[in-house]
Amino acid sequence: MWSDLDSLVEASMQEWKVPGLALAVIQDGEIAVLKGYGVRDTGTGQPVTTDTQFLLCSITKSFTAAGLGLLVDERKLDWDRPVRDVIPEFRLHDPVATERLTLRDLLCHRSGLPRHDWVHQPGDLSGAQMLPLLRHLMPNRELRDAFQYSNLGYMVAGIVAERISELSWEDFIAERLLKPLGIEEFSFTIEALAAADNAARPHAMVDDECTRAPLWPIRTTAGGGINTSVAELAKWVGFLIDEGRVNGIQLLSPQALREMATPRVHMARSEYAEIGDSHYGHGLFCESYRGDRTLSHSGSWLGWGTLMTVMPTRRAGVVVLTNRAPSAVTSLLTYAALDQISGREPVDWFSRLVPKRRGFIDQQKTDKARREEKRCVGTQPSHALDEYAGSYEHPAYGRIEITSSHIGLAWRWRGLSGPLTHWHYDVFTTPDRPSEFYPDNLALTFLYDREGRIDRVAAPFEPQVSDIVFQRTPEPAQAAKAKP
């Protein structure tokens, strides 16, 4: 029955150059397919099995929402309780949002903040260290005005769970959800994944070639940090299908699950007639596929691509875990499996999506050429290079160190570093490192005061707001002179 899907998996992996993939299909509440394909690491050639652990990425958000639902069931928490009631030191830049933002707002991604992902993506700060930085992040919308995906928001939601449960988020999720579900093989850090006996390794694309990528940490753990296998995650899908029951016992109330599955914020409209408008609930995408309601969550990180989907009315679900990103394979296989489960004539998603993939590769080449066209050639920096050297700080984004040598300028920022290329005038750019977690081609614009001294550097770390401005810090000698 599932042989056609097997062939589609192989063809899709070949076309999108996916090294390894794990698949689970649940039909009528029972596992119909559970299988690993390809290799978990191109460096070793070891095969993917159903027990191979993957980084789940943002599928983790569904666990965080359910965990908070347990606390709501126990009347220790309310979805509409202001976050400040639980975390008194919580602050946003907007004082009104600071007082009014609720747990529901965090779970629905409607805080008014854009992603600001480069606050957490360097992986050098814990959640506790990032919490006081939120007050320095500029919003671009009003509270509850629009859906804006936020890993930092789920980090805060995880801290709410910690304050109420008096456990770390990791211990809380392990003891209250994972272990009762019978999920035994799991972890919460990239370091633990690296140490596992049967774990996949991530792979990124450089142009159209697949290459091994570094294991990069997710420190907003409640938003994306769970590692586990497809066999274990299938238990979570079964839990959602069974409306919060485990072995006949109601672990999470139907009311809490309805909160997760209720469309609350409009996300997007699909270009495909088969797929309904996307909304976000609590840790779940709420959509429809060919008339059937679906609940899902995808996940993406450097070299990882994942998707979990549940079709409640048919007691069905699909999990696709891959060690390659970006890729349309997770969606393609999910829709194909759902077509088979529902007994409908299958949509040829492969033929639809292959031209898009190839067009994307061609577009990358075009974009590189167009970027070069925007450069003002023949310009020079306004100052001698050594005058750009120094330390520049932002209260949330940290410190940028600029150094000068005979070969030019270089930058160092929160564990990342590299040479800077003069772009034009007082703009310098970072290197292009697509196989690493790195702010590729980031434009650093140096600014000066009315006396002509370089005193700031601006960078578009968050494209939805004005450039993040780092102020130059005084040199030790200057600081000493400034003391009374």
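The values are calculated or read from the model by the stated rules, or taken from the named source; none is laboratory data. Values in this document were obtained by computation on a predicted structure and should not be read as measured data. Neighbour counts run over all protein chains shown; Cβ positions are idealised from the backbone, glycine included.
Number of residues in region 287-305 that are buried (at least 22 other Cβ atoms within 10 Å of the Cβ) and acidic (Asp, Glu): the value is 0.
In the same structural domain as Leu103 (by TED's automatic domain parsing), in contact (Cβ under 8 Å) with a residue 60 or more places away in the chain and buried (at least 22 other Cβ atoms within 10 Å of the Cβ): is that true of Gly158 in this structure? Answer is yes for this residue. For the condition in contact with a strand residue (DSSP E or B) (Cβ under 9 Å, 6 or more places away or on another chain), among the basic types (Lys, Arg), in a strand (DSSP E or B) and over 19 Å from Asp449 (Cβ atoms), Arg399 qualifies. Considering (1) farther than 23 Å from Thr228 by Cβ; (2) in a loop (DSSP other than H, G, I, E, B); (3) in contact (Cβ under 8 Å) with a residue 40 or more places away in the chain, the lone condition that Thr49 does not fulfil carries the number (1). Taking each residue of region 14-28 that is of a type in the set (S, T, N, Q) and looking for partners that are part of a strand (DSSP E or B) with beta-carbon atoms closer than 9 Å, six or more apart or interchain, yields Gln27/Val33; Gln27/Ala316; Gln27/Gly317.
Counting just the residues of region 334-375 that are outside any loop (DSSP other than H, G, I, E, B) and among the aliphatic types (A, V, I, L, M), which one comes out nearest to Arg293 (Cα to Cα)? Spell out the reasoning first.
First, the residues of region 334-375 that are outside any loop (DSSP other than H, G, I, E, B): 334-342, 349-373.
Then keep just the ones that are among the aliphatic types (A, V, I, L, M); that gives 336-338, 341, 353-354, 361, 369.
On the way: Ala336: 16, Ala337: 15, Leu338: 11, Ile341: 14, Leu353: 23, Val354: 26, Ile361: 33, Ala369: 43 Å.
Out of the qualifying residues, it is Leu338.
Going through (1) under 24 Å from the mean Cα position of the chain (by Cα); (2) of a type outside the set (A, V, I, L, M); (3) modelled with pLDDT under 95 one by one, Gly415 falls short only on (3).
Taking region 297-326 as the range and being outside any strand (DSSP E or B) and either modelled with pLDDT under 95 or over 22 Å from Gly281 (Cβ atoms) (or both) as the test, the residues that pass are Leu302, Gly303, Asn323, Arg324, Pro326. Looking only at residues in region 329-373 that are in contact with a Phe, Trp or Tyr (Cβ under 7 Å, 6 or more places away or on another chain) and closer than 30 Å to Gly45 by Cα, the one that is surrounded by the fewest Cβ atoms within 10 Å (Cβ to Cβ) is Arg357. The residue that is nearest to the chain's Cα centre (by Cα), among those in region 186-211 that are surrounded by fewer than 20 Cβ atoms within 10 Å (Cβ to Cβ) and of a type in the set (Val, Ile, Thr), is Thr189.
State all residues of region 1-40 that are over 24 Å from Lys235 (Cα atoms) and assigned to a helix (DSSP H, G or I); if no residue qualifies, say none. Once the filter is applied, which keeps residues that are over 24 Å from Lys235 (Cα atoms) and assigned to a helix (DSSP H, G or I), region 1-40 yields Asp4, Ser7, Leu8, Glu10, Ala11, Ser12, Met13, Gln14, Glu15, Trp16.
The residues in region 270-286 that are out of contact with any Pro (no Cβ under 8 Å at 6 or more places or on another chain), over 25 Å from Pro355 (Cα atoms) and surrounded by fewer than 24 Cβ atoms within 10 Å (Cβ to Cβ) can be counted, and the count is 1.
Condition check for Ser417 on (1) in contact with a helix residue (DSSP H, G or I) (Cβ under 7 Å, 6 or more places away or on another chain); (2) surrounded by 14 or more Cβ atoms within 10 Å (Cβ to Cβ): one failure, at (1).
Which one of these is out of contact with any Leu (no Cβ under 6 Å at 6 or more places or on another chain), more than 25 Å from Arg324 (Cβ to Cβ) and either surrounded by fewer than 17 Cβ atoms within 10 Å (Cβ to Cβ) or not polar (S, T, N, Q) (or both): Phe428, Phe446? Give the steps one after another, and end with the answer.
On the way: Phe428 fails: out of contact with any Leu (no Cβ under 6 Å at 6 or more places or on another chain).
Only one candidate qualifies: Phe446.
Determine whether Arg375 is touching a residue at least 12 places away in the same chain (Cβ under 8 Å), within 23 Å of Val427 (Cα to Cα), not assigned by TED's automatic domain parsing to the domain that holds Thr421 and not polar (S, T, N, Q). Answer is yes for this residue.
Looking only at residues in region 34-59 that are buried (at least 20 other Cβ atoms within 10 Å of the Cβ) and farther than 14 Å from Val18 by Cβ, the one that is farthest from the chain's Cα centre (by Cα) is Gln53.
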